[in-house]
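Values in this text are rule-based calculations from the coordinates and carry no lab data. A quick note: this is a predicted structure, and the numbers were derived from the prediction, not measured. As a convention, Cβ positions derive from the backbone with ideal geometry for all residues, glycine included, and neighbour counts pool all protein chains shown.
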Amino acid sequence: MIPVAFKNLLHNRARLAVALGGVAFSVVLTLIELGILLGFLKNATAVIDRTPAELWVMAPQTPNQDMSHPISDRIAGQTRSVPGVAWAENLIFDWGVWKGADGRQENVQIIGIDLDGHIPLPLIAEKEDLEKLRRPNTVLLDTAERKRLGVDRVGVQAELWGRRAEIVGFTRGGRTFTTAAILVAQYDQAKEFTFTPMGGQTSFVQVKVADGYRVEDVQERLRERLSGVEVLTGAEFRARTIRYWLVTTGVGTGFLISALMGLLVGGAVVAQVLYANVVEHLKEFGVMKALGASPWWQTGLLLEQAAYVGLGGCALGLLSSAGLARVVEATQTPIWMPWPLMLCALAVAVVICLAASMVPAAKLLRLEPAAVFMS
Amino acid sequence: MPGALTQPQTKLSLHPAPRPACETALELANVSKTYGSGAGAVHALRGVDLHIGTGSLSLIAGPSGSGKSTLLSVLGCLMQPSAGSVRVFGEALEKRSESHRSSVRRVNFGFVFQGIHLLPALTGLENVLLAGEIKGLSASEEQARSLMARVGVAELHDRLPKDMSGGQRQRVAIARALFGKPRILLADEPTAALDRRNAAATLELLRELSRSLDVAVIVVSHDRSLFHYADRLLELEDGRLKE
Ligand SMILES: Nc1ncnc2c1ncn2[C@@H]1O[C@H](COP(=O)(O)OP(=O)(O)OP(=O)(O)O)[C@@H](O)[C@H]1O
Ligand SMILES: [Mg+2]
């Protein structure tokens, strides 16, 4: 077997470079686009993903994790009396306004938890820092947004909706879809920091189902027992949150369209390059046809070339994407490129390249073998 | 021009020692080819009758537009005639499928073209071998090498077409056409891109191959200085054949 496809590609290096670059560019565009979307979505459900609680109690029609409405904090107590509930705890997840000593104002997200409870924070905090929160008027700030709030060290003071607040430590890895700065405070303290003071209220109640009980049964019982609230499983709440950001806001459509554009660009470049190759060597292809090359043989040749371009370009694209993802991460933009996404990109890129090769293939199949004589 | 054409014509050949055809390779009976229809129709071939045997070189001559390439395409089963019949080694092909014609082509024909058209990315040897691969033969490198030696370009195995002279390229193309031992070799103006010396040498080679390999070689050319290499001269004028 003569590696005709391979040699054909290598013969015109400039064109090969354009093709590989086109595919790589398109893969990078698509991956970064989808990676950022996934990154945002992962952040959007960070709180839901992190907790061991199976059920969430919230105000009716709560659209997502970041946009809660207050409900009565007596609900946690009512919940605990329902059979099958192992524990039920309050979680404040609401908004506040940060006013720094330098006068800068920023909207911030405030997480309030019971320091002795079960609810895990959707970020990384040192135990000793959490202990400091037991002092009044204290908060932890996530490092990601330190610069934005102009906080360079522990001990900085600020105002949260008229209340004095002191930064007593920093957390890491805190992210939400909104990318607002995250402050962590003790449950009761957080209620005073929020935009609308939440005395007697909470954002969510998280419910852990006891061993031996079915989640659906407990959910049903809670729905019967509690009034004026909605009870969702973690999966339901996650789905609702994702649907909100993707569909309701149109953010997802925008991302998907740009990702699609990336793929189309790559496909067009490959089609163009293979087509140019065929047109340039139409006579040679005609000769092959005259020699008796079957349509399969010729189509196979083009498919093989396309596959090489697809795989090569994709390899380049994956490497560049991995590098670029680091850069993106450094700008605090969430990005998440799990390997299934990479695999999908590879598969889609190769399929698109193969599909693109059908454009020149159609031209070849129509080529009259007699055409080589008619010159 | 009915009948009488089974023997190779010799009176126009300046070259002595014509040989009788070993076998009838191609028979055309009353073949016409019309391009287009209505007022714009072009009658490229009109009622052509022709028998061509193996072991000799036939040369098709005629003014531009007289139908030479069309005749060659019909002879090579690259094109279906509008009317009339084409037989290849006795087998009538007009009612057969395109894929059958394609396989007849693979087995029986070799083609050489004016533009030569070697694949630029492949070496001389690979270009010859490719013909075998396309024909589905177990492409033996030995056979390809001996063919290249046979046409006098043994030293060009590893060279790319861009590094060969026009004459060398055409010889590689002839080796390619001969791969798989076809019994019919068709060449449309194989010397058009060559200088006088290379043109003469190429015709010389083709005639020699026709004899030694018992192949029917059919060459289109309007170069009068080459006519004397032909065992038989066929002249086309306005789609009609005269000998
Ligand atoms: N595909 C086509 N469609 C319409 N007319 C055609 C086509 N191919 C050839 N012709 C016409 O048929 C006639 C014969 O063409 P052909 O190419 O066989 O001539 P030729 O003898 O090979 O000429 P040349 O010496 O210039 O190569 C010409 O008038 C040409 O214009
Ligand atoms: Mg012609």
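As a proxy for reagent exposure, A:227, B:225 were ordered by neighbouring Cβ count within 10 angstrom, fewest first; the result is A:227, B:225. Which Cα, out of A:245, A:298, B:221, lies furthest along the positive dipole direction of the protein assembly as shown (beta carbon charges, K/R +1, D/E -1)? Working it through, the farthest residue towards the positive pole turns out to be B:221. In segment B:24-242, Cα pairs under 8 Å separated by at least six residues give a relative contact order of 31 percent. Summarised as an ellipsoid, the protein assembly as shown has semi-axes of 85, 24, 18 Å, derived from the eigenvalues of the Cα gyration tensor scaled by 5 and square-rooted, with the largest first. About its Cα centre, chain B has a charge dipole of approximately 160 debye under the convention of +1 per Lys or Arg Cβ and -1 per Asp or Glu Cβ, with nothing else charged.
What share of the DSSP beta bridges in segment B:24-242 is antiparallel, in percent to the nearest 5?
50 percent
Over segment A:60-228, the reciprocal of the mean inverse Cα-Cα separation, the Kirkwood hydrodynamic radius, stands at 16.7 Å. Between the helical axis of A:234-243 and the longest alpha-carbon principal axis of chain A there is an angle of about 60 degrees.
With each label modelled as a point 7 angstrom along the Cα→C-beta vector, the residue A:358-residue B:155 pair spans 5.0 nm. Tell me, how many Å apart are the Cα centres for segment A:240-297 and for segment A:76-120? Result: 49 Å between the Cα centres.
Among the DSSP beta bridges whose two residues both lie in the protein assembly as shown, what percent are antiparallel, rounded to the nearest 5?
Details: 52 of 80 bridges.
So the antiparallel bridges in the protein assembly as shown amount to around 65 percent.
Among A:128, A:280, a tally of other beta-carbon atoms within 10 Å of each Cβ gives an order, fewest to most, of A:128, A:280.
Taking neighbour Cβ counts within 10 Å as the exposure measure, how do A:193, A:25 sort from fewest upward?
Final ranking by Cβ density, sparse to dense: A:25, A:193.
Placing +1 on the Cβ of every Lys and Arg and -1 on the Cβ of every Asp and Glu, with nothing else charged, gives the protein assembly as shown a dipole about its Cα centre of roughly 1540 debye.
Taking the longest Cα principal axis of chain A as reference, the axis of helix A:215-225 is set at about 50 degrees.
Here the label points at residue A:320 and residue A:214, each 7 Å from Cα along the C-beta direction, are separated by 5.3 nm in the simple model. Across the options A:77, B:149, B:61, the greatest Cα extent toward the positive end of the charge dipole of the protein assembly as shown (unit charges at beta carbon of Lys, Arg, Asp, Glu) belongs to B:61.
A simple charge model with +1 on the Cβ of Lys and Arg, -1 on the Cβ of Asp and Glu and nothing else charged puts the dipole of segment A:60-228 at about 220 debye relative to its Cα centre. Taking Lys and Arg as +1 and Asp and Glu as -1, the other residues whose beta-carbon sits under 12 Å from that of residue B:100 total +2. Which of the listed residues, B:134, B:184, B:160, is farthest toward the dipole's positive end in segment B:24-242, when Lys, Arg count +1 and Asp, Glu count -1 at the beta-carbon? Most positive-ward Cα: B:184. Neighbours of residue A:201, meaning other residues whose beta-carbon lies under 14 angstrom from its beta-carbon, give a summed charge of -2 when Lys and Arg score +1 and Asp and Glu score -1.
Which shape class, rounded, prolate or oblate, goes with chain B when its Cα gyration tensor gives a ≥ b ≥ c as root eigenvalues, a/c under 1.5 marks rounded, and past that a/b bigger than b/c marks prolate? Because a/c hits 1.5 or more and a/b exceeds b/c, chain B counts as prolate. If you take all other residues with their beta carbon under 15 Å from the beta carbon of residue A:52, and give Lys and Arg +1 and Asp and Glu -1, the sum is -2.
The C-alpha atoms of chain A define a longest principal axis, and helix A:295-330 lies at about 30 degrees to it. As a check on your grasp of the helix formula, calculate [θ] at 222 nm for the protein assembly as shown: sum -39500 (n - 2.57) over DSSP H runs of n ≥ 4, divide by the residue count, round to the nearest 500. Value at 222 nm, helices only, nearest 500: -13500 deg cm²/dmol. Within the set A:289/B:68; B:95/B:242; A:363/B:181; B:33/B:68; A:42/A:132; B:68/B:135, which residue pairs have Cα atoms separated by over 23 Å? Over 23 Å Cα-Cα: B:95/B:242; A:363/B:181; A:42/A:132; B:68/B:135.
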